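Engineer: One structure coming up, written as C-alpha cells, with questions to follow.
The values are calculated or read from the model by the stated rules, or taken from the named source; none is laboratory data. Only a predicted model underlies this, so the values are computations on that prediction, with no experimental measurement involved. Cβ placement follows ideal geometry from the backbone for every residue including glycine, while neighbour counts extend to all protein chains displayed. Keep in mind that these areas ignore ligands, DNA and RNA; they rest on the heavy atoms of the full protein, side chains included. Shrake-Rupley method; radii C 1.70, N 1.55, O 1.52, S 1.80 Å.
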Amino acid sequence: MMSQRWRPVAYCAIAVCGIWLVALAGYRIARNAKMTADKVRAYAESVDISKLSGDARAKAIRELADKLNALSLEERRKARLERQAWSWFDKMTEEEKAAFIEATMPTGFKQMLTSFEQLPDDKRRKTIDDALKRLKEARDQVAGGTGGPNQGGTNAPPILSDELQAKVRTIGLKTFYSQSSAQTKAELAPVLEEMQRVMESGRPFRNR
C-alpha cells in the first residue's frame with residue numbers, strides 16, 4: 001500500500017500525465033482541423049459541380065471559397081499556384097466566376113490597387129517584377145516539394161503571360177483589373193496577392 005508520504009507525489013504525476021494527454025489530444029485536433037492546400041484539392045476533386053444545381057451548387061462553391069479563405073498565406077499561395085480550384089472555375093457561369101473571385105480575393109486588395117497606382121512608374125514596375133519573381137521561386141519550390149515535374153527553368157511558362165504583363169504595365173493595374181473578365185482576374189489573382197505582400201512589406205515606399 002502506498003505510504004502517506006508518496007501519495008501526493010503520485011497524484012501530481014497522474015495530474016501531469018493527464019495534462020499532457022489533453023494537450024496532445026488538443027494538438028492533434030488542431031492539426032487535423034487546420035485547412036491546407038491538400039485538403040482544398042481533395043475537396044475540389046471529390047465534388048463534380050457540373051452535376052450540381054440550385055442551392056446545392058451554390059453551397060458547394062461557397063464551401064470551396066471558405067476553404068481557400070481559411071488557408072495560411074503559404075498554403076494559399078500553393079493552392080493558387082497549383083490552380084486547385086481551376087477545374088471548378090472552368091465549369092462556373094460568368095456570374096458564379098465573378099462572385100467566386102470577389103469572395104476569395106484577400107481583404108484590402110482594392111486598397112492595395114489604389115496605393116499601387118499612386119507609386120511612381122519605376123516603383124510600380126519594381127513591385128510587379130518582385131511579385132513575379134517571388135511567385136516563380138514559390139512555384140519552383142512547390143514543384144520540387146511535391147516531386148512533380150519541374151516547372152522551373154527557362155522552359156517554364158511565365159507566371160503571367162507576356163500579353164497580360166504588357167497590359168498591366170501600360171493600361172494600369174487598377175483600370176485593367178476593373179475592365180477584365182472573371183477569367184483574366186483569376187489569372188491575375190496570384191500576382192495580386194503577391195503584390196499585396198510586397199507592398200505590405202513597405203519596400204515599394206522606401207526612398208520615394
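Engineer: So which residues in the range 73-85 are touching a residue at least 24 places away in the same chain (Cβ under 8 Å) and more than 14 Å from L192 (Cβ to Cβ), if there are any at all?
Structural biologist: E75, K78, A79, E82, Q84, A85
Engineer: While we're on this one: Looking at the range 176-208, which of its residues are at pLDDT 85 or above and polar (S, T, N, Q)?
Structural biologist: S178, Q179, S180, S181, Q183, T184, Q196
Engineer: If I filter the range 22-46 down to residues being at pLDDT 65 or above and farther than 16 Å from R83 by Cα, which single residue comes out as most open to solvent (accessible area, probe 1.4 Å)?
Structural biologist: The extreme case among them is K34.
Engineer: Continuing with this model, one more query. Which is small (G, A, S), part of a helix (DSSP H, G or I) and within 20 Å of A182 (Cβ to Cβ), of A79, A56?
Structural biologist: A79
Engineer: I need a count of the residues in the range 86-131 that are touching a residue at least 24 places away in the same chain (Cβ under 8 Å), more than 15 Å from A186 (Cα to Cα) and assigned to a helix (DSSP H, G or I).
Structural biologist: The total comes to 14.
Engineer: Might you let me know whether the range 55-71 holds any residue that is under 18 Å from the mean Cα position of the chain (by Cα) and of a type in the set (S, T, N, Q)?
Structural biologist: yes
Engineer: Hey, among the residues in the range 179-201 that are among the β-branched types (V, I, T) and in contact (Cβ under 8 Å) with a residue 24 or more places away in the chain, which one's nearest to K91 (Cα to Cα)?
Structural biologist: So, considering only residues that are among the β-branched types (V, I, T) and in contact (Cβ under 8 Å) with a residue 24 or more places away in the chain, the one nearest to K91 (Cα to Cα) is V191.
Engineer: What number of residues within the range 49-82 satisfy the criterion of being surrounded by 14 or more Cβ atoms within 10 Å (Cβ to Cβ) and among the charged types (D, E, K, R)?
Structural biologist: Total satisfying the criteria: 8.
Engineer: Give me the pairs: first residue in the range 148-175 and modelled with pLDDT under 75, second residue basic (K, R), beta-carbon distance under 6 Å, and six or more apart or on different chains, which are they?
Structural biologist: From residues that are modelled with pLDDT under 75, the pairs are Q151/R139.
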